[in-house]
Amino acid sequence: MRITAADTKEYIPYALESKIEEGLSTCIRLLFEHMMRYSVQGEKISSYQLPKLTPQSRPLYQHLRTNYPHLHPHMLHHWCAQKESGLAFQNILMQAWNLAWRQDRHDVAPWTAAVNILMVKIIRGLISNLQPEEANIDLTENVMISVIGGAYSWLLQNFLKNSVQGEIEVTRIATYESMIIPVTPMAFMYRQLDGVMLMESRHVILSYGLEPELIPRMQELRKKLGNKNEAGMLGLLGQIRMSDHLLQRSWARLCLWELAELSEQGMLMQWVHDARALDQLLAKPQRAPVALKTVLQAQEQHIFSRWMLAKIEGKSSKGAMEAPWRKDDRTLVAFRILAEDLRIEQMRRLSEKLWLSRKNEIVGKKRGRLVDEVLRKSFYEGKLVFLQLDREDPLHSGRMISHKQACLKVDWCNYLSSAHAVKAPNISNFLEQIFVPGILRILKPFVKDIFLDSFTASGCLIRGIARDLLMVSISLRQEMQGWYEAMNRAAAGSRRSPSVSMCICIIGEWRTTQYKDPEFGQGRLTFSLSLAQASAGIQRNESIGQLILMRDKKLELKALGLVRVEKVENKVLVLYNAGIALTATVLYELITSLEDQLYVHEYHLSKKQVQEVLPGVHLPETELKIVTMKEKVDIDPRTFVFVKVGKPLLAGVSHELYELLDFNSDISELILSRGIQRWVPFSK
């Protein structure tokens, strides 16, 4: 289920049904509008004028109201009850997860976790597209983390409880961990920084309740003390006046945050979000409002309540209560969570990049209903993963196979030399008006799936899936023959069209390196073992070709094809390629990927069987292997004929090599007209 892009990396091609992205976008936009209406503009409205909560929306509202008491209740009520916002958010996520869970069990592949990463990616992008004013950025970020992040976590837990509980415990726990662990609060922030900048971001650190100036000092102490002894850093920070103040402020903020959740009193969050108000509270606790005293007295078992009440009453504290932030590990735990979340967020963003949207490429300029129709067609053709709501269709049609990236090496240097001999005065015009535009025209239909790594006067190097490279090689041979024959006729010549050497290989992983130099500019260097083998596979030494031709003439035999693998002194194999060669690995990749589009037959033939159909042809001493592939079309189906030519050394390794015979060659016509009528296909 993957494709390889220009950077040689593999991606999952996907598209979303229009109403998924539009629905999520509307959910987030309406939340932002409700925030501006109730929290910023302070609009007063009776609760009776709000949409009514339903059995589906009420549990989500109660969850958000309990866990985020500082948020405006009318904002939460309106968003949760509104059909286009909270309810739509629930429906979209639950349907996407359930669809992925069904595919997960069908394919025995981690689709649930992968789709979850995709949905977070979409939500993250939509949140970052909001346009709040500078003064409202912090509030926007807090609301998105609390409401969208809180709703997401609550829905995910319900999904895992309701959908996965029927599975064995190990499966359920593994699915839970793979889905919920990679999603941190940073995924729902408005300000989306690059992964390396997250640790230095002031607003990210403050969102975890810590002081930004404290983090570098804690990181430095962790390096000195090591992970096992990091608990001692609180005491060391307390010895420095400035660090002690930062530690106290972080500890107080975390405690007040915890008390707000325990007491469900959102008014405590004013000191969490306002650093100046927090400093005033810590400097002059005697001026604390009565409402705060009431909450602290109700939670008197909490360490912060005991300490603050003692300060308010002016009592002196002894021992640990004198500076509890140097002993209580809340700040240290928050630091550990921040460090771990930063690591997880960076890993999750790498996983996000695995998904590659193909919507714009497939849809083009189409709009409206046509968009989903075009995407659905591509889905049935196996070109992408397509997420759809209110349908029973799977994530993919099952026709797509993870194609490996092959390499086509073409050597047309001899072809251009011959063209120069025919059309020497006008060779520049031939190159500019016919050759270069013609080559690019041949490649254009495959531009989405192939990559032109090299294009020079000696040849070209193309990467892509084996099927497309095969079609490119066939088109190149046919078109270049036609150009030469037309040029030859115009010059009243009698030269035969020179052959072009081509070889398709597939082995090893591709590696890409970008380079940039002030003198040589910038470019990309791409390498794989496929390239080394394909370069070896286009060998065409004219001296060896003459020797092979002389021997065939002496024996009064014709060549089977244009790719020859012959023994020298019955010991060393030499290769002479004047046609289209491909390794056995490429052939099997073609058979696998095109089995639903072609009729494939394989023949293992003795020398005698072949001679009955192809008399006077030079044949190998052992059996001859022929593979035919006929297109499953009603009008003018083509049949590709592949012949095994030997097992030469390609870049130091012996590989079975096949030749794709020319459609117009006499040998190909005899095989198709007489051979397949007599021969019995090989059955494994």
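For the range 440-536, what is the accessible area per residue in Å² when the probe is 1.4 Å? Please list the in-between numbers first.
Values: 5180 Å² over 97 residues.
Per residue, the range 440-536 has 53 Å² of solvent-accessible surface.
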**Protection proxy ranking, peptides 226-233, 326-333, 386-393, average beta carbon neighbours within 10 Å, highest first** = 326-333, 386-393, 226-233
**Asked** How many angstrom separate the Cα center of the range 459-494 from the Cα center of the range 321-395?
**Response** 44 Å
**Complete:** A 1.4 Å probe over the protein heavy atoms gives the range 428-507 a carbon and sulfur accessible-area percentage of 52 percent
**Item:** J(HN,Hα) series, the range 138-150, from Karplus relation 6.51 cos²θ - 1.76 cosθ + 1.60, nearest Hz, glycine and proline x
**Value:** 4, 5, 4, 5, 5, 5, 5, 5, 6, 7, 5, x, x
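Can you give the Kirkwood hydrodynamic radius of the range 312-454 from its Cα pairs, in Å with one decimal?
Numbers: mean 1/r = 0.0437 Å⁻¹.
The Cα-based Kirkwood calculation yields 22.9 Å.
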**Item:** Label-point separation, His618 to Val447 (7 Å along Cα→Cβ), nm
**Value:** 4.3 nm
**Prompt:** Straight-line reach from Lys359: which lysines have Cα under 22 Å away, leaving out those fewer than 8 places along the same chain?
**Reply:** Lys9, Lys19, Lys121, Lys377, Lys383, Lys444, Lys448
**Message:** Could you tell me the center-to-center distance, by alpha carbons, between the range 43-75 and the range 611-673 in angstrom?
**Reply:** 73 Å
**Complete:** A correct Kirkwood calculation over the Cα atoms of the range 503-543 returns a hydrodynamic radius in Å of 12.2 Å
**Request:** On a C-alpha basis, how far is the centre of the range 511-567 from the centre of the range 239-317 in Å? Whole number, if you could?
**Result:** 77 Å
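Which order, highest average first, do 286-293, 407-414 follow once you tally other Cβ atoms within 10 Å for each residue and take the mean per peptide?
Working: 286-293: 12.5, 407-414: 23.1.
Taking the mean over residues of other Cβ atoms within 10 Å, the ranking is 407-414, 286-293.
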**Request:** Order the peptides 371-378, 137-144 from the highest to the lowest mean number of other Cβ atoms within 10 Å of their residues.
**Result:** 137-144, 371-378
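Compute and list, largest first, the equivalent-ellipsoid semi-axes of the chain from the alpha carbon gyration tensor, each √(5λ) rounded to a whole angstrom. Working shown, then result.
On the way: eigenvalues 973, 155, 108 Å².
Value: 70, 28, 23 Å, ordered largest first.
Students sometimes get this wrong: rank Met550, Met189 by accessible area, probe 1.4 Å, all chains present, largest first.
Numbers: Met550 120, Met189 0 Å².
Greatest to least solvent exposure: Met550, Met189.
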**Prompt:** How long is the gain from Ser673 to Thr639 if the chain were fully straight, where each residue apart is worth 0.36 nm and the alpha carbon distance is subtracted?
**Reply:** 11.1 nm
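Obtain the radius of gyration and the Kirkwood radius of the range 1-131 from its C-alpha atoms and give Rg over Rh. Can you show the working numbers first?
Details: Rg = 17.9 Å, Rh = 16.8 Å.
Rounded to two decimals, Rg over Rh is 1.07.
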**Asked** Given a 1.4 Å probe and every protein chain left where it sits, what share in percent of the accessible area of the range 236-318 is carbon and sulfur?
**Response** 48 percent
**Asked** Around Val610, what is the net charge, scoring Lys/Arg as +1 and Asp/Glu as -1 over all other residues with Cβ under 13 Å from its Cβ?
**Response** +4
**Request:** Can you give me the P(r) profile for the range 566-684? Cα pairs, bins 5 angstrom wide beginning at 0, each as a whole percent.
**Result:** 2, 10, 19, 24, 21, 14, 7, 2, 1, 0
**Message:** Over the range 500-642, what portion of Cα pair distances is larger than 21 Å, expressed as a whole percent?
**Reply:** 60 percent
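Between Leu53 and Glu33, what is the FRET efficiency for a Förster distance of 22 Å, r being their Cβ-Cβ separation, to the nearest 0.05? Don't skip to the answer; put the middle values down first.
Details: r = 19 Å, r/R0 = 0.87.
The calculated FRET efficiency here is 0.70.
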**Request:** Could you check how much of the accessible area of the range 591-648 is carbon and sulfur, as a whole percent, using a 1.4 Å probe?
**Result:** 47 percent
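The values are calculated or read from the model by the stated rules, or taken from the named source; none is laboratory data. Since this is a predicted model, take the numbers as computed values, not measurements. All Cβ positions, glycine included, derive from the backbone under ideal geometry; neighbour counts span all protein chains shown. These accessible areas exclude ligands, DNA and RNA; they are computed on the full protein's heavy atoms, side chains included. Shrake-Rupley method; radii C 1.70, N 1.55, O 1.52, S 1.80 Å.
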